[in-house]
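In what follows, a structure is listed as structure tokens, so that the remarks can point back to it.
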């Protein structure tokens, strides 16, 4: 079955799921069981609807996309007119760190290009720029939905995905320069396990960069790194399950900034080939809480990275087939078997909409 057909069938299912206000069914962030608002999944569906309209020019994709944009612009999605309201979990931020915002920005930029909605692009840019960026560390701070400035997002993949979203905002030189600085200061120094897998709690950038923020900031960062190191062994399985999620964001950055030095470093070559070992493939299938294939869609994400960095259609096809072997139910629900968050799983096929090539995948 052609990959493009799976994307199409999922989109057709999505049309039947859209609510009258343009929102889509909310998930609960997979195994984390964090109740989410419709914002995340509406953004993912918007990206999918936009891609299908781009390819078919069928007006029902535009109608669904416009409704999704209108929802994301509504007070329901932005209660205070600041960042997007992504989750409702006691003890956690409602913005879902940087990554919750990145997913919406990603979709709004795509929609602006396809549907000729300048207001969609402008909203994406405005929300991105709400987040303070520190030139010394190369990191962004979180911003709560009421506009309150929070601490740096301490999760590497969140910072990475926010950078990838910023890379799409190509009209703004300030944002582009921030993203390139992040690549050089943080992404190029990510901590790896010996096999090239990215450590989930990787410290970000040189600890000395934090000294420019004052002695207390430097001290806190040193203590934080010592604490994170204690979880090195415990977090390996989770790190494997998130490795391809990182690779996918790196691929977006590569498309935007093909001439950055990072792509030619030994460290990056190590992490971009970690997926090729037999042990990695076994570890991925056994990744805790289904992070590998049943929450993150590592087969799709690895395939996109392979297509981007190696131009290898055969290897990309094999990774797609690994994904669908684990999660396929039918053409409309190719990522839904065995998952704990069906609403989110249904739409993560949107990640397959970015491929430059189509693939005839063997299922079953």
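The values are calculated or read from the model by the stated rules, or taken from the named source; none is laboratory data. From a predicted model like this one, the values you see are computed outputs, not experimental measurements. Don't worry about glycine lacking a Cβ; one is built from the backbone with ideal geometry, like all the others, and counts go over all protein chains shown.
Would a scan of the range 200-210 turn up a residue that is at negative phi, surrounded by 23 or more Cβ atoms within 10 Å (Cβ to Cβ) and at pLDDT below 95? Yes: the range 200-210 contains one or more residues that are at negative phi, surrounded by 23 or more Cβ atoms within 10 Å (Cβ to Cβ) and at pLDDT below 95.
Name the residues in the range 161-190 that are part of a loop (DSSP other than H, G, I, E, B) and buried (at least 20 other Cβ atoms within 10 Å of the Cβ), would you? Even if it seems obvious, please write down each step before you answer.
Start the filter on the range 161-190 by keeping residues that are part of a loop (DSSP other than H, G, I, E, B), which leaves 168-172, 186, 190.
Result: 168, 169, 186, 190.
Return yes or no: is residue 146 out of contact with any helix residue (DSSP H, G or I) (no Cβ under 7 Å at 6 or more places or on another chain) and either within 20 Å of residue 256 (Cβ to Cβ) or part of a helix (DSSP H, G or I) (or both)?
On the way: out of contact with any helix residue (DSSP H, G or I) (no Cβ under 7 Å at 6 or more places or on another chain): yes; either within 20 Å of residue 256 (Cβ to Cβ) or part of a helix (DSSP H, G or I) (or both): no.
Criteria not met by residue 146.
Being under 16 Å from the mean Cα position of the chain (by Cα), closer than 22 Å to residue 285 by Cβ and modelled with pLDDT of 95 or more is not true of residue 196. Of all the numbered requirements in (1) under 26 Å from residue 32 (Cβ atoms); (2) in contact with a helix residue (DSSP H, G or I) (Cβ under 9 Å, 6 or more places away or on another chain); (3) surrounded by 15 or more Cβ atoms within 10 Å (Cβ to Cβ), residue 220 misses one, and that requirement is (3). Evaluation of residue 131 against the conditions (1) assigned to a helix (DSSP H, G or I); (2) surrounded by fewer than 24 Cβ atoms within 10 Å (Cβ to Cβ) shows that the sole unmet condition is (1). Within the range 66-110, the set of residues being over 17 Å from residue 19 (Cβ atoms), surrounded by 18 or more Cβ atoms within 10 Å (Cβ to Cβ) and over 19 Å from the mean Cα position of the chain (by Cα) comprises 78 only. Just one of the numbered conditions (1) surrounded by 24 or more Cβ atoms within 10 Å (Cβ to Cβ); (2) under 15 Å from the mean Cα position of the chain (by Cα); (3) closer than 28 Å to residue 74 by Cβ is not true of residue 158: (1). Looking for something touching a helix residue (DSSP H, G or I) at 6+ places or on another chain (Cβ under 6 Å), crowded, with 24+ Cβ neighbours inside 10 Å and under 22 Å from residue 256 (Cβ atoms) - is there at least one such residue anywhere in the range 116-123? Within the range 116-123 (the criterion being touching a helix residue (DSSP H, G or I) at 6+ places or on another chain (Cβ under 6 Å), crowded, with 24+ Cβ neighbours inside 10 Å and under 22 Å from residue 256 (Cβ atoms)), the answer is yes, since at least one residue qualifies.
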